[in-house]
Amino acid sequence: MTTTSHPNPNSRERHIDGGRFAVSPELAVFDPDEIDEIVEFFHRWGFARIRNVYSDAELFALEREMERQQSELLTGTMDEKHGTVILDDPDALIEGEPFAHYVCHITECSDLADDAVHAPVIIESMRRLLGENMWLLDYERFGVVYQDARPGKDSGYSRIGWHSDWQSGPHLTIWPSVAFTIHIDGTSPANGFLRVLPGSHLHNTEGMPPGFEKVPGEVAVYADRGDVLLHDAHLWHSAARATEDPPGGIRRHLRGSFHTGERLKEGHGLEDFVKNAMR
C-alpha cells in the first residue's frame with residue numbers, strides 16, 4: 001500500500017535556488033517577526049498570511065466594538081457616510097430584520113479598529129512592499145471597512161466573484177497597492193473562504209471569469225481568528241459563500257488598503273468606482 005505524505009502547514013522548507021518556498025502557497029503562514037519571509041513569499045505569490053498579531057483580549061474587544069458600530073449604523077445613530085448602498089443592499093434582511101453588511105470608514109469612528117490596522121507587522125510589511133511613501137486609504141472611497149458576510153435568502157453580501165482590486169479604479173493613479181484583511185472569524189467551508197490564483201498579480205486580467213467559475217490553479221486560503229492576510233491589488237481573488245446558516249456561517253473582518261501612488265484628493269467621492277465583481 002502506498003502512503004501519501006501531506007505537507008505540514010507550519011513547515012516552510014526552502015529550495016536552495018533563491019530561497020523560494022517549496023510548500024504549497026495556501027499552507028504557508030508567518031509570524032510577525034518573519035518580515036523577510038513575508039516579503040519574499042508575497043512577491044512570488046501575491047499574498048501572505050500572518051498569525052499571532054493580536055492577543056485574545058484585543059480580538060475580543062475588537063469584535064465587541066465592531067458589533068457596537070454595526071448596531072449604531074443600523075439604528076441611525078451613526079453618520080450616513082459609514083453606510084454604503086454601492087457595496088451593500090439597503091433592503092438586506094437577516095432573519096427578517098434589517099441588516100448592514102458593511103460599516104465604512106471604520107477607523108474614523110473606532111480607535112480599536114485604527115489600532116488594529118496600524119499593528120507594527122502590517123505597517124512594516126507595507127513599508128517593505130510599497131516603500132517609505134506608502135499611505136493608508138482611510139479617508140476617501142470606502143476607507144477601511146468592517147465586513148460581515150453571512151448567507152440568507154435576503155442577504156446583501158455573502159460572496160463575491162473573481163476580481164482584482166485594481167479593477168475598481170484602473171483609471172486612477174493610486175496604484176500600486178496592497179490590501180489587508182484582519183480576520184475576526186476564522187474561515188472555512190462553513191462560513192466561506194478566500195479563493196486566490198497564486199502568482200496572478202504578475203499577469204493581466206485576460207481570461208478572468210466573470211463570476212464564480214473554477215479557475216485552474218486556484219487555491220483556498222483559510223484563515224484563523226486574528227490572522228492578517230495581505231494581497232496585491234492585481235491578485236485574482238474571489239470569496240466563496242458559506243455553506244452553513246449563522247452562527248456557523250458568519251464571516252467577519254476588517255479590510256482596507258495601503259497605496260504608494262498619487263493620493264486621492266479630499267472629496268474625490270465614489271462616482272467613478274467600478275463595481276465589476278459579481279455578488
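The values are calculated or read from the model by the stated rules, or taken from the named source; none is laboratory data. Everything quoted here is computed from the prediction, not taken from an experiment. For neighbour counting, all protein chains shown are included, and Cβ atoms are generated from backbone atoms with ideal geometry for every residue, glycine included.
Determine which single condition LEU264 fails, assuming it passes every other condition in (1) in contact (Cβ under 8 Å) with a residue 60 or more places away in the chain; (2) under 16 Å from the mean Cα position of the chain (by Cα).
The failed condition is (2).
Report yes if GLU13 is among the acidic types (Asp, Glu), modelled with pLDDT under 95 and surrounded by 16 or more Cβ atoms within 10 Å (Cβ to Cβ), otherwise no.
The answer is no for GLU13.
Let me confirm something: among ALA57, ALA48, which residue is farther than 23 Å from HIS237 by Cβ and modelled with pLDDT of 95 or more?
Residue meeting the stated conditions: ALA57.
Scan region 246-271 residue by residue and report those that are among the charged types (D, E, K, R), closer than 28 Å to GLU58 by Cα and surrounded by fewer than 23 Cβ atoms within 10 Å (Cβ to Cβ).
Listed by number, the residues that qualify are ARG252, ARG255.
Would you say HIS268 is in contact with an Asp or Glu (Cβ under 7 Å, 6 or more places away or on another chain), more than 26 Å from HIS101 (Cα to Cα) and of a type outside the set (Gly, Ala, Ser)?
Answer is no for this residue.
Tell me, please, whether a residue that is at pLDDT 95 or above and either farther than 19 Å from LEU254 by Cα or of a type in the set (D, E, K, R) (or both) can be found in region 82-89.
Checking region 82-89: not a single residue is at pLDDT 95 or above and either farther than 19 Å from LEU254 by Cα or of a type in the set (D, E, K, R) (or both).
Any idea which residue in region 152-163 is nearest to GLY207 (Cα to Cα), counting only those that are touching a strand residue (DSSP E or B) at 6+ places or on another chain (Cβ under 7 Å) and small (Gly, Ala, Ser)?
Checking each candidate, the answer is GLY161.
Taking region 72-91 as the region of interest, how many residues are of a type in the set (Gly, Ala, Ser) and surrounded by fewer than 18 Cβ atoms within 10 Å (Cβ to Cβ)?
Looking only at that region, the number is 1.
Are any residues in region 32-71 part of a loop (DSSP other than H, G, I, E, B) and loosely packed, with under 15 Cβ neighbours inside 10 Å, and if so, which ones?
ASP33, SER55
Residues in region 149-165: is at least one hydrophobic (A, V, I, L, M, F, W, C), crowded, with 20+ Cβ neighbours inside 10 Å and more than 21 Å from PHE99 (Cα to Cα)?
So far as region 149-165 goes, yes, one or more of its residues are hydrophobic (A, V, I, L, M, F, W, C), crowded, with 20+ Cβ neighbours inside 10 Å and more than 21 Å from PHE99 (Cα to Cα).
Here is a list of conditions, (1) under 15 Å from the mean Cα position of the chain (by Cα); (2) within 24 Å of TRP45 (Cβ to Cβ); (3) part of a helix (DSSP H, G or I); (4) of a type outside the set (Phe, Trp, Tyr), and GLN147 meets all of them except one; can you say which number that is?
(3)
Please give the number of the condition THR107 fails out of (1) modelled with pLDDT under 95; (2) part of a helix (DSSP H, G or I); (3) buried (at least 20 other Cβ atoms within 10 Å of the Cβ).
If we test THR107 against (1) modelled with pLDDT under 95; (2) part of a helix (DSSP H, G or I); (3) buried (at least 20 other Cβ atoms within 10 Å of the Cβ), just (1) comes out false.
Which of the residues that make up region 119-138 are touching a strand residue (DSSP E or B) at 6+ places or on another chain (Cβ under 8 Å) and not hydrophobic (A, V, I, L, M, F, W, C)?
Within region 119-138, SER125, ASP138 qualify.
Is there a residue being surrounded by 13 or more Cβ atoms within 10 Å (Cβ to Cβ), more than 17 Å from the chain's Cα centre (by Cα) and aliphatic (A, V, I, L, M) anywhere in region 225-245?
No: zero hits.
Report, by residue number, each residue of region 79-93 that is more than 10 Å from VAL103 (Cα to Cα) and touching a Cys at 6+ places or on another chain (Cβ under 9 Å).
Those that are more than 10 Å from VAL103 (Cα to Cα) and touching a Cys at 6+ places or on another chain (Cβ under 9 Å): ASP79, LEU87.
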